Amino acid sequence: MSVFISGATGYIARHIVGQLLDQDYKVIGTCRTQAKADQLMKQFGNNPNLVMEIVEDISKLDAFDSVIQKHSKEIKYVLHTASPFFFDTTDFVKDLLVPAVNGTKGILQSIKQYAADSVERVVVTSSYAAVFDMDRENEKDLVLTEESWNPDSWEHCQRNPVAAYCGSKKFAEQAAWEFLKENKDTVKFKLATVNPVYVFGPQKFDADVSQKLNTSCEIVNQLVHATPDTDLTPLSFYGGFIDVRDVAKAHVLAIQKDELLGQRLILSEGRFNTQDILDVLNKDFPTLKGKLPVGKPGTGTVVCDTGATIDNSKSKKLLGFQFRSLEETIDDTASQILKHEGNL
Ligand code: NDP
């Protein structure tokens, strides 16, 4: 039996595919082009347990029909990771909201139509963006848990690209839970969602490092390349962090552990801000010494402590493994970038 994974060439998905193959699962991955499929197959050494299929645009509700139909008898688990994660657009509905929501509705509908009897578990890669309240992130008294939902409406989330992305994750996740509620008598599968905060950590393969990285790792990439004169205002981030290898592990566990069925799993190992990342880079990378902004070392967590609390103790307990620290995830992200540039 196989694991079907959408968006298999994405940053997080490559790690998931790697962990699945390491555990001898058969994997059917989708991506948008044959060139990307060929590259991924090559990166995984043409592992016979990996098959790639092309799904061009998940905005189309029937995008997954033919591949799910083709593999209907083999698929036991579905991991839906594909979703747009970028902010440089002004057409929020077309570029963010529709692909996120239709991608989720579409893949679930295809399962219902062609693989209702074989698919037992579906894991949707949602986000902390579907959990938090962007307008209240700085409120010390606010506690966010697995029960919390981003309160934005379809219209209000379109006030800026970040809010629109967050809305896309909320409406997509909501669509998944609603689909299951409406179709619980027709489909066999149980659902879990994985809701990570900002994901850092190395690309699965060193060759995946490029000048511009995926949206979350680009935060680290830009700080690695900052200078003491860089205006840090546009690079001032504040959020939760989690390592990509832990995110991948949570997806794999979600198809393995019964306790995770029906759960929203918030993946966060704590808060960070730009200062925290700079402190790690300045401390751990001799080749960057004197080249980076220093800021006010040691003040990062103080600032972070003023924000809303992410209480994901339930998810941590259910998953039952220790997440990587900020230092480890930043060290591994930065050293891969510097190695690629011959500057480690
Ligand atoms: P990537 O951009 O690397 O991966 C996104 C994947 O979705 C890619 O495979 C991409 O294909 C595919 N995709 C996007 N839009 C479409 C579309 N319209 N049609 C078909 N495929 C599409 O980002 P991540 O790996 O970081 O993100 C993976 C998932 O994790 C997403 O659902 C994201 O929302 C979620 N997430 C990520 C976090 C992070 O910090 N990285 C935090 C929380 C959640 P292509 O490569 O061809 O563009």
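The values are calculated or read from the model by the stated rules, or taken from the named source; none is laboratory data. All values reported here derive from a predicted model rather than from experimental measurement. For neighbour counting, all protein chains shown are included, and Cβ atoms are generated from backbone atoms with ideal geometry for every residue, glycine included. Only protein heavy atoms, including side chains, enter the accessible area calculation; ligands, DNA and RNA are left aside. Shrake-Rupley method; radii C 1.70, N 1.55, O 1.52, S 1.80 Å.
Can you tell me the relative contact order of the chain? Whole percent, Cα pairs under 8 Å, sequence separation 6 or more. It would help to have the intermediate numbers written out before the result.
Numbers: 675 pairs, mean separation 60.5, N = 344.
Relative contact order of the chain: 18 percent.
Straight Cα distances below 20 angstrom link K112 to the aspartates and glutamates E53, D57, D62, D65, E74, E120, E173, E178, E182, D185, with same-chain residues fewer than 8 positions distant left out.
If each DSSP helix of 4+ residues adds -39,500 (n - 2.57) and the sum is divided by the residues in the chain, what number results at 222 nm, nearest 500 deg cm²/dmol?
Values: 11 runs with 125 residues, N = 344.
Result for the chain, helices only: -11000 deg cm²/dmol.
Charged side chains reduced to their Cβ positions (Lys and Arg at +1, Asp and Glu at -1) give the chain a dipole of some 760 debye around its Cα centre. Sparsely packed loop sites in the range 137-171 (the GluC sites (Glu not before Pro) outside DSSP H, G, I, E and B with at most 15 other Cβ atoms within 10 Å) comprise E137, E139, E147, E155. The angle between the Cα long axis of helix 274-284 and the longest principal axis of the Cα atoms of the chain comes to about 70 degrees, rounded to the nearest 10. Applying a DSSP loop filter and a limit of 15 other Cβ atoms within 10 Å to the chymotrypsin sites (Phe, Trp or Tyr not before Pro) in the range 61-146 leaves F86, F87. Dividing the mean sequence gap of close Cα pairs (under 8 Å, 6+ apart) by how many residues the range 170-240 holds gives a relative contact order of 26 percent. Dimensions of the range 1-117 from C-alpha coordinates, computed as largest minus smallest value along each principal axis and given longest first, are 41, 32, 21 Å.
I'd like the carbon and sulfur percentage of the solvent accessible area for the range 53-164, probe radius 1.4 Å, heavy atoms only, ligands and nucleic acids excluded. Don't jump to the answer; show the numbers that get you there.
Working: 2480 of 5050 Å².
The value for the range 53-164 is 49 percent carbon and sulfur by accessible area.
Would you work out which of P48, F92, A13 lies farthest towards the positive end of the dipole of the chain, given +1 charges on the beta-carbon of Lys and Arg and -1 on that of Asp and Glu, about the Cα centre? The listed residue farthest towards the positive side: P48.
How about the range 255-336: which trypsin sites (Lys or Arg not before Pro) there are in a DSSP loop, with at most 15 other Cβ atoms within 10 Å of their Cβ? Write down the numbers at each step before the final one.
On the way: sites: K257, R264, R271, K283, K289, K291, K314, K316, K317, R324; in loops: K257, K289, K291, R324.
Here the sparse-neighbourhood loop sites are K257, K289, K291.
For M1, the solvent-accessible surface computed with a 1.4 Å probe is close to 120 Å², ligands and nucleic acids excluded. On a 0 to 90° scale, report how tilted helix 98-114 is relative to the longest principal axis of the chain, with both axes built from alpha carbons and the result rounded to the nearest 10. Compared with the principal axis, the helix lies near 30 degrees.
Once the Cα atoms are used to define both axes, helix 326-340 deviates from the longest principal axis of the chain by about 90 degrees.
Within straight-line reach of K140, meaning a Cα separation under 14 Å, sit the following aspartates and glutamates at least 8 residues removed in sequence or on another chain: D305, D311. Our estimate of slack between K73 and K289, defined as 0.36 nm per intervening residue step minus the Cα-Cα distance, is 72.1 nm. Out of A115, N150, S168, whose Cα points farthest toward the positive end of the dipole of the range 103-203 (charges: +1 Lys, Arg; -1 Asp, Glu; placed on Cβ)? The one lying farthest along the dipole's positive direction is A115.
So, with +1 on the Cβ of K and R and -1 on the Cβ of D and E, and no other charges, what is the size of the charge dipole of the range 67-222 about its Cα centre, to the nearest 20 debye?
Working: 18 positive and 22 negative charges, 146 e Å.
The dipole of the range 67-222 has a size of about 700 debye.
For the chain, the direction-averaged projected area of the alpha-carbon convex hull comes to 16.7 nm².
Lysine pair count for the range 13-94 with Cα-Cα distance under 30 Å and sequence separation of 8 or more or different chains is 20. The charge dipole of the range 1-124, taken about the Cα centre with unit charges on the Cβ atoms of Lys, Arg (+1) and Asp, Glu (-1), comes to about 160 debye, rounded to the nearest 20. D95 sits with roughly 40 Å² accessible to a 1.4 Å probe, with DNA, RNA and ligands left out of the calculation.
Note that the range 162-210 presents 38 Å² accessible area per residue, ligands and nucleic acids not counted, probe 1.4 Å.
Taking a straight line from the alpha carbon of K291, these lysines sit under 29 Å away, with near neighbours fewer than eight places off in the same chain left out: K204, K212, K283, K339. Please identify, among D276, D88, D305, the residue showing maximal mean-square fluctuation in a Gaussian network model of the chain using a 10 angstrom Cα cutoff. Top of the fluctuation ranking is D88.
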